[in-house]
Amino acid sequence: MPFNRRWRRPTFSEIKVTDSFWSTRQQTLVRVTLPTQFSQLESTGRLENFRRVIDGEHGKFSGFWFNDSDVYKWLEAVAYGLAIEDSPELRSKADIAIDLIARTQRPDGYLNTYIQYEKPDMAWKNLSMMHEMYCGGHLLEAAAAWHDALGDNRLLNVAVKFADHVMSIFGPDRRLGYCGHEEFEYGLIRLARATGDTKYREFARWQVDTRGSRPSPFEPELTDEVALSMHRGQVGQCLRDGAYNGEYLQDHAPVREHTSVVGHAVRAMYLYMAATDLADGEKDEAMESALRRCWDSLTKRRMYVTAGIGPSGDNEGFTNDFDLPNGTAYAETCAAIGLIFWGQLLLEQTGESDFADIVERSLYNGTLSGISISGDHYFYDNPLESRGQHERTPWFPCACCPPNIARLLGTIGQLAVGIGDDTIAIHLPIGMTVQTPLATIEVSGNYPWESEVTIAVTPRTLEPFGLAIRIPDWADELGLELEVADEPADYQDGYAVYHRVWSPGDVIKVDFGTEPKWIEANPAILDDLGRVALSYGPMIYCAESTDNGFLPQRAAVLTEQEVAIAYDASLLGGVTTITVPAIVDQDAFPDGLYADLGTITLQERDLKFIPYYAWNNRGKSSMQVWLRRA
Ligand code: FUB
Ligand code: ZN
């Protein structure tokens, strides 16, 4: 399918999430996550950095040079949170931040507290590392969010001035330049939509199209003492064998020539999001094929079973095909979120459900593990095995992930549904009420714990229209019943579609046939050899020592035997557990390290699994996703 947008996202007034799984999390977002994050923005000096610029001297700049972006991402999430559930306290916290941002902006539109406070003469001198446009991109996204979700244009005015300032310096007839950390491109696209001014979209296109230029605008920075005085990190990341190598920041080749995902994972996701959006309706075959190549490289050779991506902490990103170590997996929360953002754009433009499969996998696994059930502790990296050293924390010195997961949680409803001219698509069958010009759709059930979902349609037109229901990749047998008539569905691009004239009260019952399933990994993933993982619907499971009284590393599962499923409302906010027979190595062993074969005694024990996202919510523990197979 060519990239021609098929679905648009519902606005906040068109959708209400009523899902037992996600609405609790959205409530926690507004009542716990966003208020506690504001306290962190204050106590760690991120907001103080703005006051420092406004007022002059207040001591040293706090933290990383891209700390402004945390404030912008938090504000973006607040816009969504307030659209879901109004909160005067949260609103007044946001007002403080918005006011500070507006007052910090220079009259010419420039805005970056680190540069303004610490290095006022160094603006735009080190594009590869200093994140000025990256921070600006998050400002633009926050501005678009406040405009779109709340009709509030205060940030939009700041964003327009900033974008105009950048465009007065860089551009086709000006200086060649783009940011070492992509993000501004997508921010510009959203700014163009919010303002209706396409010049921002075209500027984003120019930045995407010129990325990978030779000589690269980053090359001179590697020998420029002024640029290096601010950050020498680019030398290590960008030089290989003494020559410039732009892989770390996806500047190794023009995007249309990219063949696989490389470098820093979050950067790559943000670049491909912009490129995908820009390809919409352009019939740009070279770009479409590059994006499909990179998507395949990512999801067929470089992605964990949890949809975590970027195995290495060295470059916070990609290494080689099938290199997916479990215990040292970096799998940054932001990268998993970026994968959702990119996959959703591909889904909306192509209508192909494969993209939604990955979005769903990331959502319920590698992304959701990034936040505690209480909503105020976070993982930065999301390993698939722990020997007890990992624990979520309330914040990080580099705190990109917490506000990123907040903005993702605010837009679950927007991921669940696609609205087309004559079709409504249910991408994620979560509980919700959707009001579109064609119909009101009510989805109810207890997904993902239960198999059955009911979709009730109340049309607003006498004309026929389509209802498309995604068939998840994990559903072997999909039961579909249109209660009012014996009409078969059409199957298109992984969706079951009923196209008909609807009457009020028409109901479709869907049974996803959710069953526990064992998964094997491609033998090329050496870390998973001889191992299996357990899934239930969209969720990947793990075994945690907390539930079992022994280390899961010592167990080998008996995959041929029956498993027991139980929903436990009192455990981890309500989860379905799966108990599996396993063989466990016993403790008794003579003093010392080694002994003759046969010394170890084995015992059959039950091994209880919980959803991966829910691990480490009861203190430190040993955990494994890929278990040895007996
Ligand atoms: O550099 C900004 C953000 O901080 C990146 O996206 C993350 O990977 C972390 O390095
Ligand atoms: Zn992050």
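The table below lists the values:
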item	result
Test item: Cα-centred dipole of the range 420-511, Lys/Arg +1 and Asp/Glu -1 on Cβ, debye	360 debye
At most 13 other Cβ within 10 Å, DSSP loop - GluC sites (Glu not before Pro), the range 193-282	Glu282
Additional length obtainable on full extension of the chain from Thr433 to Leu239, 0.36 nm per residue less Cα span	64.6 nm
Histogram of C-alpha separations across the range 155-217, 5 Å bin width, %	4, 18, 31, 26, 14, 5, 2, 0
Potential extension, Phe322-Asp587 segment - 0.36 nm per residue separation minus Cα distance	92.0 nm
FRET efficiency, Thr11 to Glu604 (Cβ-Cβ, R0 51 Å, nearest 0.05)	0.40
Share of pairwise Cα separations in the range 420-511, more than 18 Å, in percent	38 percent
Relative contact order (%) - the chain, alpha-carbon pairs under 8 angstrom, separation at least six	13 percent
Gyration tensor (alpha-carbon) shape descriptor, the chain, a/c threshold 1.5	oblate
Computed helical MRE - 222 nm, the chain, DSSP H runs ≥ 4 contributing -39500 (n - 2.57), nearest 500	-10500 deg cm²/dmol
Qualifying trypsin sites (Lys or Arg not before Pro) for the range 168-275 [loop in DSSP, other Cβ within 10 Å: at most 13]	Arg174, Arg232
Segments 548-556, 283-291 sorted - mean Cβ within 10 Å per residue, highest first	548-556, 283-291
For the range 516-629: rounded, prolate or oblate by the Cα gyration tensor [a/c cutoff 1.5]	prolate
Distance between modelled label sites at His58 and Gln27, nm, 7 Å Cα→Cβ extension	3.6 nm
Accessible area of the chain belonging to carbon and sulfur atoms, whole % at 1.4 Å probe	49 percent
Residue-normalised accessible area of the range 277-411, expressed per residue, 1.4 Å probe, Å²	26 Å²
For peptides 152-165, 584-597, sequence by mean Cβ density within 10 Å, most packed first	152-165, 584-597
Per residue accessible area of the range 24-180, 1.4 Å probe, in Å²	35 Å²
Accessible area in square angstrom per residue, the range 423-572, 1.4 angstrom probe	44 Å²
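The values are calculated or read from the model by the stated rules, or taken from the named source; none is laboratory data. All values derive from a computational prediction rather than experimental measurement. A quick note on method: Cβ atoms are made from the backbone with ideal geometry, for glycine too, and the neighbour counts reach across all protein chains shown. What goes into the accessible areas is simple: the full protein's heavy atoms, side chains included, and nothing from ligands, DNA or RNA. Shrake-Rupley method; radii C 1.70, N 1.55, O 1.52, S 1.80 Å.
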